[in-house]
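**Q** Please find one structure pasted underneath; my questions will follow.
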Amino acid sequence: MEIREGAAAAVGDNVLDYSRLSLDTFSVDSVSDERKKDTKQLYLNYNRLASLPSSVSLFCNLEFLDISNNGLSAICEGITRLPRLRQLIAKNNRLDEFSLPKEFGSLQLEVLNFSGNRFEEIPLQCMKLVRLQSLSLGGNRLKSIPSEIENLTSLELLYLGGNFITAIPPEVANLPYLSYLVLCDNRIQSVPPQLTRLYSLRSLSLHNNLLTYLPREILSLVHLQELSLRGNPLVVRFVKEMTYDPPSLLELAARTAKSRNVPYSPCDLPSNLLGYLDLASKCPNPKCAGVYFDSCVRQIKFVDFCGKYRLPLMHYLCSPECTSPCSSNPQSDAESEDESSVPAYRLQRVLLG
């Protein structure tokens, strides 16, 4: 079907809307030069486009482009010549990691939506979009999150639900402005404790995964308002495990120095030992004054919240002899210890999410 400029909906002087016109090709020949220059939003969604011509670059002031719900298997090179483009919506096409032009990462995009495509990997070109605030790749075939995700330091929303992801890389914790992290409907088995560095995180969606526990540190996410956990083994199955590796002589000496408050200064020890001593973690057992470094008891502790939900938290003890109780009785001191450290209103919003 051939298009005419008059076929576009008259939304405004800066908007061209060619959506839902059953277009199988898109030619800009009928669009005046003045209109090309003035257009800031271009809608081509819900058509039958198999390709996007490089002539799209003639819309030199374009800020928003929607090419969703077509049959696109590639993004043309011309898109990299749109210096003002800030939002690209390309949902529900046939795109994969080989569909993007080499210089795609040079764009100044702030919003990128590739949901409902055929990506098995997040293209590395996307990891160069340093101004990106919102990245959506839900409903693809992703198996992992690249460590280069930490390059997207402006990211506020990361939507990766409905994929085949098995692990969350700790590099995700290096996104200082991340507020919304959606990882539902994947195959994730654990949450790295480093995520507690996401100080801006408000919503964490982890429902329908394979989680059997959460790191105890999750309670330190002070701005977290929504934590979705339904459909995970942790809410339907009782899990308990314990592992322990004996401490090294180095750790035994360091434990003694820290627990007995032995004084030391940079003049007394080499820098590597000073750095090691700074890594001491305090045993969470209130009856124990010990510390640990590399060797600890890894244990699941169930905490009963709101009289309905039993949340398994990972915690660490300094040794098997540590007498911290791990009772399943919701009335015990051990069960209420974590709850008392977090405001009740936060727990309800988090755990009922």
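**Q** Which of the residue pairs K37/K128; K258/K287; K91/K128; K40/K143 have a Cα-Cα distance greater than 25 Å in the structure shown?
**A** Exceeds cut-off: K37/K128; K40/K143.
**Q** Local charge sum around L88 (other residues, Cβ-Cβ under 15 Å, Lys/Arg +1, Asp/Glu -1)?
**A** Overall, the nearby charge balance is +2.
**Q** Enumerate by residue number the trypsin sites (Lys or Arg not before Pro) in region 104-196 meeting two conditions: DSSP loop (anything except H, G, I, E, B), and at most 16 other Cβ atoms within 10 Å of the site's Cβ.
**A** In loop regions of region 104-196 (DSSP not H, G, I, E or B), the sparsely surrounded trypsin sites (Lys or Arg not before Pro) are R118, R131, R141, K143, R187.
**Q** Another question about this same structure. Over region 129-252, give the accessible area per residue in Å² for a 1.4 Å probe, as an integer.
**A** 45 Å²
**Q** Could I ask something else about it? Can you figure out the FRET efficiency of D24 with S190, using R₀ = 56 Å and their beta-carbon distance, to the nearest 0.05?
**A** 0.75
**Q** Taking the Cβ of E321 as the center, what net charge do the other residues with Cβ under 14 Å away carry, scoring Lys and Arg +1 and Asp and Glu -1?
**A** Once all neighbours under 14 Å are counted, the net charge is +2.
**Q** What's the long-distance tail for region 93-205, i.e. % of Cα pairs beyond 16 Å?
**A** In whole percent, the share of Cα-Cα pairs in region 93-205 beyond 16 Å is 56.
**Q** Hey, another quick one. Mind ordering 273-281, 257-265 by average Cβ neighbours within 10 Å, highest first?
**A** So the peptides 273-281, 257-265, ranked by packing, come out 273-281, 257-265.
**Q** Loop-only check: which chymotrypsin sites (Phe, Trp or Tyr not before Pro) in region 10-93 are DSSP coil with at most 14 other Cβ within 10 angstrom?
**A** Passing both the DSSP loop test and the Cβ count: no residue.
**Q** Only sites in a loop by DSSP and with at most 15 other Cβ atoms within 10 Å count here; which trypsin sites (Lys or Arg not before Pro) in region 27-61 make the cut?
**A** R48
**Q** Sum up the charges of everything whose Cβ sits under 12 Å from the Cβ of G290, counting Lys and Arg as +1 and Asp and Glu as -1, but leave G290 out.
**A** Once all neighbours under 12 Å are counted, the net charge is +3.
The values are calculated or read from the model by the stated rules, or taken from the named source; none is laboratory data. Values in this document were obtained by computation on a predicted structure and should not be read as measured data. Methodologically, a virtual Cβ is constructed for each residue, glycine included, from the backbone with ideal geometry; neighbour enumeration extends over all protein chains shown. Please note that ligands, DNA and RNA were not included when accessible areas were found on the heavy atoms of the full protein model with its side chains. Shrake-Rupley method; radii C 1.70, N 1.55, O 1.52, S 1.80 Å.
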